[in-house]
């Protein structure tokens with residue numbers, strides 16, 4: 001059966017949605033198609049989007065749970081990691097190759113959101 005769902009959007013509550021603009025646009029390269037001050041949407045354009053919902057009790061190998069996960073192209077993963085470090089952001093969980101087939105790190109955005117940035121890799 002083909003799902004009728006076209007996309008899933010994570011709605012992350014934070015006091016100032018504009019505080020993380022540079023994180024999403026400059027460091028991760030997303031566009032900002034909507035900014036109404038109280039709600040800001042950052043999205044990737046020109047790619048096929050795969051709706052997903054991920055439900056967890058707690059992260060099994062990291063000190064904090066991420067609010068959301070961002071999968072990136074493998075060739076961009078290391079450069080993004082370096083940009084986060086160069087930007088002075090807190091790396092909550094260092095670059096780690098996990099036994100379930102991902103390489104990832106967690107970073108805290110300027111607004112305090114913990115994001116899991118990952119790439120899928122060959123085990």
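Just so it is clear, none of the values below were taken in a lab; they were calculated from the coordinates. None of the values given here were measured: they were computed from a predicted structure. Neighbour counts are summed over all protein chains in view; Cβ atoms, including those assigned to glycine, are modelled from backbone coordinates with ideal geometry.
Using the beta-carbon distance between residue 35 and residue 3 and R0 = 25 Å, what value does 1/(1 + (r/R0)^6) give for FRET efficiency, to the nearest 0.05?
Efficiency at R0 = 25 Å is approximately 0.30.
Order by neighbour count: 84, 1, fewest other Cβ atoms within 10 Å first, most last.
With the sparsest Cβ surroundings first, the list reads 1, 84.
Give me the number: length gained by fully extending residue 76 to residue 98, i.e. 0.36 nm times residue separation minus the C-alpha to C-alpha distance, one decimal in nm.
6.1 nm
Test of understanding: what is the full-extension gain from residue 60 to residue 91, defined as 0.36 nm times their sequence separation minus their Cα-Cα distance?
Full extension of this stretch gives 9.4 nm more.
Can you pull the three principal axis extents for the Cα set of the chain, in Å, largest first?
So the three principal-axis extents are 45, 41, 30 Å.
What ranking of 8, 91, 80 emerges when the number of other C-beta atoms within 10 Å of each C-beta is taken as an exposure proxy, fewest first?
Exposure proxy ranking, most exposed first: 8, 91, 80.
Going by how many other Cβ atoms sit within 10 Å of their own, how do 89, 68, 28 line up, fewest first?
Taking fewest neighbouring Cβ atoms as first place, the list is 68, 89, 28.
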